[in-house]
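Single-structure report; data block below.
The values are calculated or read from the model by the stated rules, or taken from the named source; none is laboratory data. Keep in mind that this is a model prediction, so the values were computed, not measured. Counting neighbours? That spans all protein chains shown, and the Cβs are built from the backbone with ideal geometry, glycine included.
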Amino acid sequence: MLQVKVIREEKQRIINGLRKRGWSAAQIKIIDQIIGLDEQRRNTQKDMDDSLAEGNKLAKSIGQMMAQGQKAEAEALKIEVAALKTKSKMMEEQLNTLKAQLDELLYSVPNIPHKSVPKGKTPEENKVAKDWKKPFPALADTALPHWDLAKQYNLFDFELGVKLTGSGFPVYRGKGARLQRALIQFFLDEAGKAGYEEIAPPLLVNEDTARGTGQLPDKEAQMYKCDLDNLYLIPTAEVPVTNILRDEIVPAKDLPVKMTAYTPCFRREAGAWGAHVRGLNRVHQFDKIEIVQIEHPDRSYKTLQGMIRHVEKLMNKLELPYRILLLCGGDMGFASAKTYDFEVWSGAQKRWLEVSSVSCFETFQSNRMKVRFRDENGKIELVHTLNGSALALARIVAALLENNQTPEGIRIPKVLWKYTGFKMID
RNA sequence: GGAGAGGUGGCAGAGUGGUUUAAUGCACCUGAUUCGAAAUCAGACGUACCUGCGAGGGUACCGGGGGUUCGAAUCCCUCCCUCUCCGCCA
């Protein structure tokens with residue numbers, strides 16, 4: 001969520017940013033509402049504080065009168081204080097209402113795109129930041145999509161998943177299961193080498209945590225919920241990992257904080273089914289290795305580039321054709337200031353699949369979560385948060401299987417051999 | 001799940017209705033001393049919001065929420081959490 005102070009002081013920049021996201025003039029009116037409400041809030045706060053201050057002062061003098069035995073005077077003052085109390089109570093209620101209204105409006109304003117983010121509303125307006133220059137893998141006309149390969153080699157089973165759970169919960173088996181584990185291990189090892197601390201977080205989180213990264217209140221329908229205990233299954237490791245620093249003040253010398261985590265991710269994907277969602281392209285449960293950085297505002301965009309290079313390295317080592325998109329204002333996630341998407345070429349489906357999304361959120365998340373750092377002068381400021389998938393498994397597996405199919409079987413990239421223990425699926 | 005104890009600043013720990021602007025110790029920071037350090041001495045040492053050009057002033061916060069009272073860390077209600085023992089269990 002944006003800081004009210006920033007909206008107040010840099011109104012024009014905020015409005016320009018919302019335009020870049022494709023907001024209409026009517027929608028942008030919310031900014032004036034916010035500024036108006038904030039002014040009311042501040043005035044009410046002042047009045048309440050004044051009234052409380054007077055009450056405190058009187059209460060203290062009552063204490064002194066009692067001590068000196070001036071009972072009558074004390075009684076008179078009590079009546080006065082009672083009136084003040086009613087007044088400040090009323091103002092407190094007003095203040096709470098104003099705060100709630102203000103928060104509701106603030107929750108509905110997305111992050112402001114970085115100046116380098118292209119204007120646009122739809123995915124078609126995303127900019128290709130880095131294209132795939134080499135030829136795509138040469139596949140025979142008889143090349144199979146991954147869901148058929150999975151059947152042929154018994155790698156994973158959707159029907160069985162339906163029996164156990166429901167659609168979108170694949171059961172991996174044999175070499176398919178082993179390949180999953182190999183990729184997880186490989187990605188974690190690479191992140192570790194790059195200086196990320198490995199975290200194994202809980203897969204269920206409480207309400208505060210879900211609110212911290214912005215899953216609540218808006219995206220509640222995207223998460224699975226355990227009603228009995230009021231816990232949510234995480235849609236991404238970003239949720240528990242970023243929340244580790246919620247309400248903390250980090251010394252500047254500790255920045256950046258680099259963390260990585262492997263977790264299964266659970267997504268209801270309500271209403272997201274349609275074309276192109278066969279096989280592993282979209283599932284309710286998938287494995288992902290997430291990288292997270294908590295960084296000094298001066299360095300965050302440099303850090304973003306570093307994270308991009310990390311993901312690129314993974315794609316190269318896995319010998320997968322990929323391209324990088326710089327998302328336009330309208331296609332970016334709500335909380336992001338700048339996002340790069342990685343897409344992998346899926347040889348048999350002949351289409352790009354999104355496998356990673358690397359973003360800088362500036363202070364949008366840290367403001368809500370109150371993650372701050374103390375700079376050299378002792379001043380407290382919000383940190384910038386960044387995260388990215390490095391990488392998401394299901395679609396990587398889809399591309400690996402499709403691109404590497406040969407008449408003899410499916411070739412495993414060399415870098416995975418030591419993890420899989422086999423070089424071919426046949 | 002049962003019984004008991006408890007939640008106070010970065011940490012430890014006092015405080016059971018009124019100069020508590022939360023004692024004290026440790027840690028951290030600054031200064032003195034020192035060639036330098038240790039030790040010692042002195043000082044500073046929370047967060048958020050409001051207000052002021054600023055120095056500063058105000059308000060709230062002792063697990064969360066509510067209540068009693070002129071006045072609550074302190075009394076009452078409620079929820080959450082932690083610890084110990086017992087039970088169950090990978």
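Hey, any hits in region A:76-89 for a residue that's in a loop (DSSP other than H, G, I, E, B) and either under 30 Å from A:LEU326 (Cα atoms) or of a type in the set (Val, Ile, Thr) (or both)? No, that holds for no residue.
Evaluating A:ILE396 against the criteria (1) free of Cβ contacts under 8 Å to residues at least 60 places away in the same chain; (2) more than 16 Å from RNA strand B (Cβ to nearest atom); (3) under 26 Å from A:THR303 (Cα atoms) leaves one unmet condition, (1). Considered as a group, the residues in region A:237-254 that are assigned to a strand (DSSP E or B) and modelled with pLDDT of 85 or more include one that is nearest to A:GLN293 (Cα to Cα), and that residue is A:VAL250.
Considering region A:214-236 alone, what residues qualify as being free of Cβ contacts under 8 Å to residues at least 40 places away in the same chain, outside any loop (DSSP other than H, G, I, E, B) and either out of contact with any Asp or Glu (no Cβ under 8 Å at 6 or more places or on another chain) or surrounded by fewer than 19 Cβ atoms within 10 Å (Cβ to Cβ) (or both)? Listed by number, the residues that qualify are A:GLU220, A:LYS225, A:CYS226, A:LEU231, A:LEU233. Scanning region A:294-353 for residues that are farther than 17 Å from A:GLU402 by Cα, assigned to a loop (DSSP other than H, G, I, E, B) and aliphatic (A, V, I, L, M) returns A:LEU327, A:MET332, A:ALA335, A:ALA337. Filter region A:202-236 down to the residues that are in contact with a Ser or Thr (Cβ under 7 Å, 6 or more places away or on another chain) and at pLDDT 90 or above, then identify the one that is nearest to RNA strand B (Cβ to nearest atom). Going through the qualifying residues, I end up with A:LEU203.
It is to be established whether one or more residues within region A:45-54 are under 17 Å from A:ASP103 (Cα atoms) and in a helix (DSSP H, G or I). Yes. Within region A:360-379, residues that are near RNA strand B (Cβ under 9 Å from one of its atoms) sit with their Cβ atoms under 9 Å from residues that are in a helix (DSSP H, G or I), at 6+ positions apart or across chains, in these pairs: A:LYS370/A:GLY212; A:ARG372/A:SER366; A:ARG374/A:ALA252. Residues that are within 19 Å of A:GLU343 (Cα to Cα), surrounded by fewer than 17 Cβ atoms within 10 Å (Cβ to Cβ) and β-branched (Val, Ile, Thr) do occur in region A:101-122.
Taking each residue of region A:41-52 that is closer than 13 Å to A:LYS85 by Cα and more than 7 Å from RNA strand B (Cβ to nearest atom) and looking for partners that are of a type in the set (Lys, Arg) and modelled with pLDDT of 90 or more with beta-carbon atoms closer than 6 Å, six or more apart or interchain, yields nothing.
If you check A:ALA210, A:ALA200 for being surrounded by fewer than 16 Cβ atoms within 10 Å (Cβ to Cβ), under 18 Å from the mean Cα position of the chain (by Cα) and of a type in the set (A, V, I, L, M), only one passes: A:ALA200.
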